[in-house]
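The values are calculated or read from the model by the stated rules, or taken from the named source; none is laboratory data. Just so you know, these numbers come straight off a predicted model, no measurement behind them. A quick note on method: Cβ atoms are made from the backbone with ideal geometry, for glycine too, and the neighbour counts reach across all protein chains shown. Accessible surface areas use protein heavy atoms only, side chains included; no ligands, DNA or RNA. Shrake-Rupley method; radii C 1.70, N 1.55, O 1.52, S 1.80 Å.
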Amino acid sequence: GAGVSQSPSNKVTEKGKDVELRCDPISGHTALYWYRQSLGQGLEFLIYFQGNSAPDKSGLPSDRFSAERTGGSVSTLTIQRTQQEDSAVYLCASSLVQSGYEQYFGPGTRLTVT
Amino acid sequence: QQQVKQSPQSLIVQKGGIPIINCAYENTAFDYFPWYQQFPGKGPALLIAIRPDVSEKKEGRFTISFNKSAKQFSLHIMDSQPGDSATYFCAASRVNRDDKIIFGKGTRLHILP
């Protein structure tokens, strides 16, 4: 069956531009997570959705970052006025219900801010 | 109290050796402890997971040892192979809660041929 998909796979943008990253979770998965992974580093939690609501936004680094989820399915992570330190791989994961169950990760979007 | 501390940061082992990666947690409410494996250019994937009602779980060459009283758990890879070279993340969470899973910082494992 289809896994978690993310688009684009690679994004190069100029400093100061806005970017949108998309995540399509596995059908039926109610929980959706966004993480950021800098080169060779660990997984930095950004935000968690349960359905369309976000019980935990504590990881968003600044007010330039926002995310939404519609229809309990697709999610979009938006970064406004991108900075060079935003360069990283952005990973999306989904799981069947809440915490305590396997998270299925997408392949990630590699964002490069020049 | 929400941290999961993982060590070592990197590990090099000869083929056939038994790499061991350790994790420690503080929140006694955690009741789900998975390990994820990540190959370069890929997203992490669940490798094996344990609940605190057992002290050990084996799946193929991978074993989790769990010490509830010490609040520690570890991953052992038996008869390690070069194909096991990857980054391994331990994690902890509470089942059926609106909580995020807490990941360790990862261990980069390299198995020498």
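Tabulated data for the structure shown
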quantity: Inter-centroid distance (Cα atoms) of region A:14-74 relative to region B:65-80, Å; calculated: 31 Å
quantity: Karplus-derived HN-Hα couplings along region B:2-8 (A = 6.51, B = -1.76, C = 1.60, θ = phi - 60°), whole Hz, x at Gly and Pro; calculated: 8, 7, 10, 9, 10, 8, x
quantity: Probe 1.4 Å - accessible area at B:ILE50, Å² to nearest ten; calculated: 0 Å²
quantity: Relative contact order, percent, chain B [alpha-carbon distance under 8 Å, six or more residues apart]; calculated: 37 percent
quantity: Sites matching GluC sites (Glu not before Pro) across region A:1-84 that sit in DSSP coil, with at most 12 neighbouring C-beta atoms within 10 Å; calculated: A:GLU14
quantity: Prolate/oblate/rounded call for region B:13-52, Cα gyration tensor, a/c under 1.5 rounded; calculated: oblate
quantity: Near-label residues of region B:74-95 by backbone N, under 16 Å of a point 7 Å along Cα→Cβ of B:SER10; calculated: B:85-88
quantity: Relative contact order (%) - chain A, alpha-carbon pairs under 8 angstrom, separation at least six; calculated: 37 percent
quantity: Rounded to whole Hz, the Karplus (6.51, -1.76, 1.60) HN-Hα couplings of region A:69-80, x for glycine and proline; calculated: 9, 10, x, x, 10, 4, 10, 10, 9, 10, 10, 8
quantity: Cα-based convex hull, the protein assembly as shown, per residue volume (Å³, whole number); calculated: 123 Å³
quantity: Shielding score for B:22-32, defined as the mean number of other chain Cβ atoms within 10 Å; calculated: 1
quantity: Gyration tensor (Cα) of region A:5-98, equivalent ellipsoid semi-axes in angstrom; calculated: 22, 13, 13
quantity: Cβ neighbours within 10 Å from other chains - mean over B:44-56; calculated: 2
quantity: Within region A:32-51: backbone nitrogen closer than 20 Å to the A:THR78 label point (7 Å, Cα to C-beta); calculated: A:32-36, A:46-51
quantity: Greater than 32 Å apart at Cα, pairs in A:LYS57/B:LYS15; A:LYS11/B:LYS58; A:LYS15/A:LYS57; A:LYS17/B:LYS5; calculated: A:LYS57/B:LYS15; A:LYS11/B:LYS58; A:LYS17/B:LYS5
quantity: Whole-Å semi-axes of the ellipsoid equivalent to chain B (Cα gyration tensor, √5λ, descending); calculated: 24, 15, 12
quantity: Whole-Hz couplings from phi, Karplus 6.51/-1.76/1.60, listed for region B:55-68; x for Gly and Pro; calculated: 9, 7, 9, 10, 9, x, 8, 9, 10, 9, 10, 10, 10, 5
